[in-house]
Amino acid sequence: MEPNDVTRAIAAATSIAASLGLRADDGTVLHNSNKLAVRLTPCDAFARVAPVGQEVAEFEVELAQRLAEVGSPVASLDPRVEPRVHVRDGFAVTLWTYYEPATPDLSPSEYADALGRLHAGMRKVDLPSPRFTDRIAEAQEIIRTPDLSPSLPDAERVFLSTRLESLRQAVEDRDEQLLHGEPHPGNLLSTREGPLFIDLETCCRGPVEFDLAHVPEAVCEHYPNVDEDLLSTCRELVLAIVSAWRWDIGDQFPNGRRFGDELLRALHDGPPWPTLDAIVERVL
């Protein structure tokens, strides 16, 4: 979000919290991209804030409740307030439990175990969800529309468009289940209650390997029954999708253009495909 929008978003979150009986004198931004993550103090609530119409907060709230009921390792909504989406000043706000970080960081085996338990819980939840191929279609729209990606060179536009279509054909008609959608390290908290996944609005239906394509390589080594060929294809697919996002004119991801360049470089270099955390290390 732009600085002015950040100020308004924090004000909306603190105002909503106060109206619900939570003392929120201050809000600290923990993450700022297309959505805002804010820690409200002294009530210690975690607020997720997005412009109205640019979020799927109701889906996330319902899914979080259902997953908690089956014991999945997901962050909890704040138990002190009604579990719903709150709207104020053009922002949709949801309130969650704030978890103090725990150390040490999770090992690859702990990460894989948490993801496996999340997938097991998701197989018990029946909730209409988008398919992972919708992400491909959205990425293709960004690439094929110059007004949406004006800085993307024409040659790269053709390259990405061709690659996305080829990958779409390669991954269709696979066994699917409900997935997190983006279970990368930034969406897994190491807490005193154990590892917990956040950002459930990215959930979609697809092959388990699509989720595994978002995690560090060492984690996949501890996840059982992986289709290695499909995992390789999904890693390439994730690189192509995220590359398209970084070239979107409305993208607000920090250092987004540098990530876009590095993702394109990785796609041109060919396999073995790097994981997203490896791309982050290259850029940072």
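Across segment 69-98, what is the total count of residues that are of a type in the set (Lys, Arg) and either buried (at least 18 other Cβ atoms within 10 Å of the Cβ) or in contact (Cβ under 8 Å) with a residue 40 or more places away in the chain (or both)? Full working, then the answer.
Keep residues of segment 69-98 that are of a type in the set (Lys, Arg), which gives 80, 84, 88.
When the remaining residues are screened for being either buried (at least 18 other Cβ atoms within 10 Å of the Cβ) or in contact (Cβ under 8 Å) with a residue 40 or more places away in the chain (or both), the result is 80, 88.
Qualifying residue count, segment 69-98: 2.
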Flagged pairs (Cβ under 9 angstrom, 6 or more apart or on separate chains; first in segment 172-192, open to solvent by less than 50 Å² (accessible area, probe 1.4 Å) and among the polar types (S, T, N, Q); second in a strand (DSSP E or B) and at pLDDT 95 or above) are GLN177/ARG205; GLN177/GLY206; ASN187/PHE197; SER190/LEU196
Restricting to segment 209-230, give me the number of residues that are touching a strand residue (DSSP E or B) at 6+ places or on another chain (Cβ under 7 Å) and among the hydrophobic types (A, V, I, L, M, F, W, C). 1
Anything in segment 156-167 that is open to solvent by 20 Å² or more (accessible area, probe 1.4 Å) and in contact (Cβ under 8 Å) with a residue 60 or more places away in the chain? List them, or say none. GLU156, PHE159, ARG163
Among (1) within 14 Å of ALA139 (Cβ to Cβ); (2) touching a Leu at 6+ places or on another chain (Cβ under 6 Å); (3) crowded, with 20+ Cβ neighbours inside 10 Å; (4) of a type outside the set (D, E, K, R), where does LEU267 come up short? (3)
For LEU230: the one exception among (1) in a loop (DSSP other than H, G, I, E, B); (2) open to solvent by less than 20 Å² (accessible area, probe 1.4 Å); (3) farther than 14 Å from MET122 by Cβ: (1)
Restricted to segment 235-284, and to residues that are in contact with a Pro (Cβ under 7 Å, 6 or more places away or on another chain) and assigned to a helix (DSSP H, G or I), which residue is nearest to ALA50 (Cα to Cα)? ASP277
Residues (in contact with a Leu (Cβ under 7 Å, 6 or more places away or on another chain) and over 18 Å from LEU77 (Cα atoms)) located in segment 1-26: MET1, VAL6, ALA9
Please list, ordered by first then second residue, the pairs with beta carbon atoms under 7 Å, 6 or more apart or interchain, first in segment 1-29 and in contact (Cβ under 8 Å) with a residue 24 or more places away in the chain, second surrounded by 13 or more Cβ atoms within 10 Å (Cβ to Cβ) and among the polar types (S, T, N, Q). MET1/ASN32; MET1/GLN252; VAL6/ASN32
Find the residue count for segment 259-284, including only residues that are within 11 Å of LEU239 (Cα to Cα), aliphatic (A, V, I, L, M) and over 18 Å from the mean Cα position of the chain (by Cα). 3
Test result for GLY121, farther than 22 Å from SER33 by Cβ and open to solvent by less than 50 Å² (accessible area, probe 1.4 Å): yes
Being modelled with pLDDT of 95 or more, hydrophobic (A, V, I, L, M, F, W, C), within 18 Å of LEU189 (Cα to Cα) and open to solvent by less than 10 Å² (accessible area, probe 1.4 Å): is that true of ALA47 here? yes
For segment 136-149, which positions are more than 18 Å from GLU236 (Cβ to Cβ) and either open to solvent by 80 Å² or more (accessible area, probe 1.4 Å) or of a type in the set (S, T, N, Q) (or both)? GLU141, ARG144, THR145, ASP147, SER149
Of all residues in segment 202-219 being acidic (Asp, Glu) and open to solvent by 10 Å² or more (accessible area, probe 1.4 Å), the one that is nearest to ARG174 (Cα to Cα): GLU209
Return the only residue of ARG135, ARG131 being under 23 Å from LEU212 (Cβ atoms), in contact with an Asp or Glu (Cβ under 8 Å, 6 or more places away or on another chain), of a type in the set (Lys, Arg) and in contact (Cβ under 8 Å) with a residue 40 or more places away in the chain. ARG131
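The values are calculated or read from the model by the stated rules, or taken from the named source; none is laboratory data. Computed from a prediction, not measured in an experiment: that's the story for all the values here. As a convention, Cβ positions derive from the backbone with ideal geometry for all residues, glycine included, and neighbour counts pool all protein chains shown. Protein only, heavy atoms only, side chains kept; ligands, DNA and RNA dropped before computing areas. Shrake-Rupley method; radii C 1.70, N 1.55, O 1.52, S 1.80 Å.
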